[in-house]
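Down below is the structure, laid out as structure tokens.
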Amino acid sequence: MSKNPFVAQNYRYGFSVPERSLCKTRIGIGEDVVEQISRQKKEPEWMREYRLKSFVYFQNRPLPRWGADLTSIDFDAFYYYLKPIEERARRWEELPEEIKKTYDLIGIPEYEKKQLGGLSAQYESEVVYGSLQARLAAQGVIFCGMDAGLREYPEIVKQYFGTIVPVNDNKFAALNSAVWSGGSFIYVPAGVHVELPLQAYFRINAARMGQFERTLIIAEEGSFLHYVEGCTAPIYSTDSLHAAVVEIIVKKGARVRYTTVQNWSNNVYNLVTKRMRIEEEASGEWLDCNLGSKITMKYPSCFLTGPHAHGEMLSLAVAGRGQHQDAGGKMIHYAPDTTSTVVSKSVSQYGGRTSYRGLIKMKKGALRARSKVVCDALIVDEQSRSDTYPEMNIDERQATVEHEASVSKIGEEQLFYLQSRGLDKTTAEAMIVNGFIEPVVKELPMEYAVEMNRLISLQMDGSVG
Amino acid sequence: MSSTLTLIPLEQSEDTLTSTVCADEKSYILLYGFCEGRKMIRVNLAQEGAYACIVGMIFGQRGLCSISTFQHHSASYTTSDLLIKTVLVDSAVFQYDGRIRIEQNAHGSNAYQRNENISLSPLTRIATRPSLEILANDVCCTHGATIGTFDDEDYFYLQSRGMIKSEAGRLLVRGFFQNVIRKIPAELMTDYVHTILERQLCMIPYE
């Protein structure tokens, strides 16, 4: 068995630029920090109260006793709010030099922006850049930072904010509700198809930083939206914390796809709550790729509340040295004729650990509902570990649930077959790993698929033919 | 190589059962019946070449029955195979927790787990919760679970051949349990195993 890592281990985004701050809260968290964030943002009274209420929940909730080991998190060792620039830039040129340089290095070149319907860039705690095609804006599409959303569209925000993920849902959702800053606010009016994806980039630059973005997406009846997010951070010896909350409402006949390419550096705790409500005949899709971070705990969920609603989850997790990817998905069927599928692929190498943790729930009344879950795991070397924890709770007789999981190494027979066709071992292994993750990668938008292929590129210095 | 078959009627068994399978031993365990409460069945494969096969024919009418199984591989080249099939009528509630753990030194091991559930009444509830913890890489581990009910078409086919509905249901359940029985090798098979199946089939109500 080759000891080469199957996924390149060198992290390209580990650089940092000098810290830039206009306003930074003290280290640690307390009611004063929450108040200060709210004051700084000049928020309405209801939001200030919402934050304070959430903070109480956060303090009272224990850490989850299942999943990854989170006891090493010291909540007083992070900065919870850092404002890098005064005003969100509308043109790329208006951005300060070091921030622009950062995004250039990550690879958000001009041509790529032209491939997108809109782009938002979050740096530390605030959205520093935002754009949206004029054509989409004219159709009534809203795409801006969550803070701008709260200022400019307070009625819509107040109506939906916190309705999908309640403040006391879990400890990290409560923390996010207390100190949230940045994130995206998207509103797609009825019947509007946003053909090109809207994209958001999240970057943590400062050390010991906590990023708590909050995203709210509302897709009105018959609309379509594809939202893509990417995340990176520098490598520090101290830890950073990322605890986002994403709420999505997919109304009748609409379709939303949410793509994440999470590539945080190996010192980031990534503890995220993502959920969508899918109404009648609507379709919601999560495409979730977890490559980076120290510990990830993330279980995007679909609540299928209307008849014929469809939920889909495609998940890819890669864990290397010192990483634990505890990811999965939840499908909760409330209505008749709802369907869902989950496909999860995971690769553990170099002593990394991947866990698939999922839930399928069929509530009484989910007549003829169907769900299928397939989880495949690949363990590359002897130090690595893979777990699968799928749970199924079925209260409806006329529902059908199927689950399949397999864990294995690269098959000797597959290798033998390819080698007997004249491929050397390394090439054959590369081909098998690429084939293994293909079902998820082929769904990625072009520029990410290219990036992923580069990342999954094998070290070709092994045995020769 | 010695093979053994152990019958475990859930109503009469201890709450926790542990079976340790020795080197080059083949152990077959058949669970059947249904009872209120929680049963834990643990199989330790701690010696090289050990083989364990756990099969279950669970037929529930009333009450909450919870079964946990644990297939623990701690030696190399061990194999475990699990197939638990459940049919629920009336108001039965069934919970299944199936755990597989393959330790780092247990290379060359194979572990299989399959749980299939059929519900024949709207009042039944089923929860199945497998967990696979794999610490070795040279292994093969698969898991599968299904929950559902027989198709209307299955009934229609049999009824169009002149069967009344309850008779058709019985035949479908018999067929459903058949591959549980087939897991038991011929030399260990006894008439009593067939009697268990027939007794369970008798409990399907005439509608």
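The values are calculated or read from the model by the stated rules, or taken from the named source; none is laboratory data. Remember, it's a predicted structure, so these values are computed and weren't measured experimentally. Glycine also receives a Cβ, built like all others from the backbone with ideal geometry; neighbour counts cover every protein chain displayed.
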B:Ala145: crowded, with 20+ Cβ neighbours inside 10 Å and among the aliphatic types (A, V, I, L, M), yes or no?
yes
Subset of region A:419-439, residues of a type in the set (A, V, I, L, M, F, W, C) and buried (at least 18 other Cβ atoms within 10 Å of the Cβ), comes to A:Ala428, A:Ala430, A:Val433, A:Phe436, A:Ile437
Pairs returned, first residue in region A:25-36 that is surrounded by 15 or more Cβ atoms within 10 Å (Cβ to Cβ), second residue that is among the charged types (D, E, K, R), beta-carbon separation under 6 angstrom, 6 or more apart or interchain, are A:Val34/A:Arg51
Note on region B:48-78: residues polar (S, T, N, Q) and under 16 Å from the mean Cα position of the chain (by Cα) are B:Ser66, B:Ser68, B:Thr69, B:Gln71
Restricting region B:106-149 to residues that are in contact with a helix residue (DSSP H, G or I) (Cβ under 9 Å, 6 or more places away or on another chain) and among the aliphatic types (A, V, I, L, M), the one farthest from the other protein chains (Cβ to nearest Cβ) turns out to be B:Ile118
Inspect all residues belonging to region A:63-75 and state whether any of them is under 22 Å from the mean Cα position of the chain (by Cα), in contact (Cβ under 8 Å) with a residue 12 or more places away in the chain and on the phi > 0 side of the Ramachandran plot. yes
Report task. Inspect all residues belonging to region A:332-347 and state whether any of them is more than 10 Å from chain B (Cβ to nearest Cβ), touching a His at 6+ places or on another chain (Cβ under 6 Å) and part of a strand (DSSP E or B). Result -> yes
Turns out the strands (runs of 3 or more DSSP E) fully within region A:181-223 with at least 1 residues that are among the basic types (Lys, Arg) are A:198-203, A:214-219
Residues that are part of a loop (DSSP other than H, G, I, E, B), under 20 Å from the mean Cα position of the chain (by Cα) and among the polar types (S, T, N, Q): does region A:156-172 have at least one? yes
(Q) Would you confirm whether or not region A:329-336 contains a residue that is in contact with a strand residue (DSSP E or B) (Cβ under 7 Å, 6 or more places away or on another chain), surrounded by fewer than 24 Cβ atoms within 10 Å (Cβ to Cβ) and within 18 Å of A:Gly67 (Cα to Cα)? (A) yes
- Message: Any residue that is modelled with pLDDT under 95, of a type in the set (Asp, Glu) and more than 20 Å from B:Val21 (Cα to Cα) - is there at least one of those in region B:44-65?
- Response: no
Counting only residues that are within 24 Å of B:Ala127 (Cα to Cα) and in contact with a helix residue (DSSP H, G or I) (Cβ under 6 Å, 6 or more places away or on another chain), region B:150-169 contains a total of 1
### Query
For region A:229-244, does any single residue satisfy the condition of being outside any strand (DSSP E or B), among the polar types (S, T, N, Q) and either more than 12 Å from the chain's Cα centre (by Cα) or surrounded by fewer than 24 Cβ atoms within 10 Å (Cβ to Cβ) (or both)?
yes
Scanning region A:176-192 residue by residue, the ones that are surrounded by 15 or more Cβ atoms within 10 Å (Cβ to Cβ) and in contact with a Lys or Arg (Cβ under 9 Å, 6 or more places away or on another chain) total 10
Matching residues in region A:191-224 (of a type outside the set (A, V, I, L, M) and over 15 Å from A:Lys251 (Cβ atoms)) number 14
If we keep only residues of region A:123-154 that are of a type in the set (S, T, N, Q) and closer than 28 Å to A:Trp264 by Cα, then the residue surrounded by the most Cβ atoms within 10 Å (Cβ to Cβ) is A:Ser125
